[in-house]
Each structure stands twice: as C-alpha cells, then as structure tokens.
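One structure below.
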Amino acid sequence: MTAVIDGLRALLPSGDLTCVVSDALDRGWALSGAFRPVWSGACCAGEAVTVRTFGTDLSAVFDAISVAEPGSVLVIDSHGITGAAFWGERTTRAALARRLAGAVIDGGCRDVTAVRQLGFPVFSTAITPNAGLPGGRGAVNVPIQAGGIPVSPGDVVVADENGVVIVPQHLAPGTLERVRVLLAAEQQVFAQADRGMAVPPESTEKGMV
C-alpha cells in the first residue's frame with residue numbers, strides 16, 4: 001500500500017488528480033460535492049484512519065490523531081453536523097506534530113485562518129465558529145460513511161480542489177495503474193487539441209471527458 005500512496009502523492013502536483021482517480025474507478029467513489037477544501041490549493045493522499053463521532057463530541061478525533069501513523073488522512077464521520085466544528089487549530093497542530101497528511105470531515109471546521117496559515121490540508125462540509133465538546137465518546141478505526149460513501153480503515157484517500165475520492169483498499173493497486181494509463185491518454189488528447197486537431201467530446205478511454 002505504501003507504494004500505491006507514494007505513487008498517487010507523486011501525481012498530486014499535476015493537479016485535478018481526484019478527477020482521474022474517479023475516472024479510474026468507473027466514475028465513482030467521490031464524496032458528495034459538499035466536501036470542499038478549507039483553503040485553496042489544499043491536496044493530500046494517504047491511508048484512511050476513520051473516526052465516528054457521537055453528537056457534537058469530538059473526543060474520538062483527538063484519540064485518532066494520537067494513534068494515526070505518519071502520512072495518514074483522518075476521515076471523520078460527524079453525521080453531517082454543521083453547527084459544531086470537529087476540527088480547528090488545536091487539532092491541526094496536533095496532526096502536524098504526528099506528521100499526518102490531512103483531514104476529511106463530514107461536518108464542520110473552524111479556525112480556518114490558522115489552518116490555512118499552518119498549511120494543513122482539511123476538507124469539510126461546513127465552516128462554523130462553534131466548537132464541539134469533549135465527552136469521551138465515539139470510535140476510531142471502524143467502518144464509517146462519509147458523503148454517502150463507505151470508508152474503511154486502510155482505504156486510500158485522495159483529495160484536492162475538486163473534492164475527495166475514496167479508493168477501497170482492495171482496488172488501490174489496480175487503480176494506480178489505471179490512473180497512469182488515463183493520464184498518458186489524456187496528455188495525447190490535450191496535445192491534439194493544442195495543435196488545433198478535432199477532439200471528440202469523449203475519448204475511447206473510459207472516463208475521459
């Protein structure tokens with residue numbers, strides 16, 4: 001799995017990687033369009049550490065940060081709660097200290113100026129000043145749902161300005177190879193377009209538009 005994640009991370013700077021990853025997964029596995037980067041240019045790829053919160057209790061988020069391996073991406077199932085934040089400056093600094101790669105929250109985030117200045121990639125469905133409260137409840141590394149997509153511990157998360165895509169663990173190696181094939185084909189189509197040649201709306205390569 002490390003080689004797959006390293007391969008995807010190497011492709012992030014090219015931009016719009018989530019689009020190609022979704023194409024490679026038969027145009028699926030993207031979280032809902034409500035998931036947006038907290039700051040422009042945020043992107044990340046890593047192995048999912050899952051969190052299921054309980055109400056507005058964010059204790060499990062801190063528990064997950066404390067056990068997550070470097071390079072992991074936290075995926076937080078806060079059941080779509082947008083009136084309380086499950087991420088902010090304190091969690092960002094703790095995650096940076098653990099060398100995590102990013103956080104994806106089906107719920108609210110706050111302290112967006114600090115998150116942006118610290119340069120930590122965060123994707124959420126809402127921004128709110130209200131903080132969640134610690135209560136000792138929730139679960140870490142259990143199957144969850146985020147944005148209508150099932151996420152299991154160890155799945156691969158790819159996120160950029162287009163949104164967030166989940167790559168199921170068992171599909172990850174084949175997906176990376178498919179992404180490379182699609183990118184190569186895409187570059188050929190773009191080169192034709194740049195030369196003024198007619199390009200069809202959709203190529204014979206599945207998923208390209």
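Odds and ends about this structure:
- Residue count for the stretch 77-110 under the criterion of being in a strand (DSSP E or B) and buried (at least 22 other Cβ atoms within 10 Å of the Cβ): the result is 11.
- Any pair with Cβ under 6 angstrom, 6 or more apart, that starts in the stretch 127-147 at a residue that is closer than 18 Å to Val75 by Cα and ends at one that is of a type in the set (Phe, Trp, Tyr) and in a loop (DSSP other than H, G, I, E, B): Gly132/Phe86; Gly147/Phe35
- Selection from the stretch 3-24 of residues that are among the β-branched types (Val, Ile, Thr) and either surrounded by fewer than 18 Cβ atoms within 10 Å (Cβ to Cβ) or in contact with a strand residue (DSSP E or B) (Cβ under 7 Å, 6 or more places away or on another chain) (or both): Val4, Ile5, Thr18, Val21
- For the stretch 132-151, a residue qualifies if it is surrounded by fewer than 22 Cβ atoms within 10 Å (Cβ to Cβ), at pLDDT 95 or above and assigned to a strand (DSSP E or B), and the qualifying residues are Ala139, Val140, Gln145, Ile149, Pro150.
- Residue satisfying condition, being modelled with pLDDT of 95 or more, more than 16 Å from the chain's Cα centre (by Cα), part of a loop (DSSP other than H, G, I, E, B) and surrounded by fewer than 18 Cβ atoms within 10 Å (Cβ to Cβ), within set Pro129, Pro70: Pro129
- Among the residues of the stretch 46-67, those identified as part of a strand (DSSP E or B) and either touching a Phe, Trp or Tyr at 6+ places or on another chain (Cβ under 6 Å) or of a type outside the set (S, T, N, Q) (or both) are Gly46, Glu47, Ala48, Val49, Val51, Arg52, Phe54, Asp57.
- Whichever residue in the stretch 83-104 is of a type outside the set (A, V, I, L, M) and under 15 Å from the mean Cα position of the chain (by Cα) and, among such residues, is nearest to Thr125 (Cα to Cα): Trp87
The values are calculated or read from the model by the stated rules, or taken from the named source; none is laboratory data. What you see is a predicted model, and the numbers here were worked out from it, not measured in a lab. Cβ: placed from backbone, ideal geometry, glycine included. Neighbour counts: every protein chain shown.
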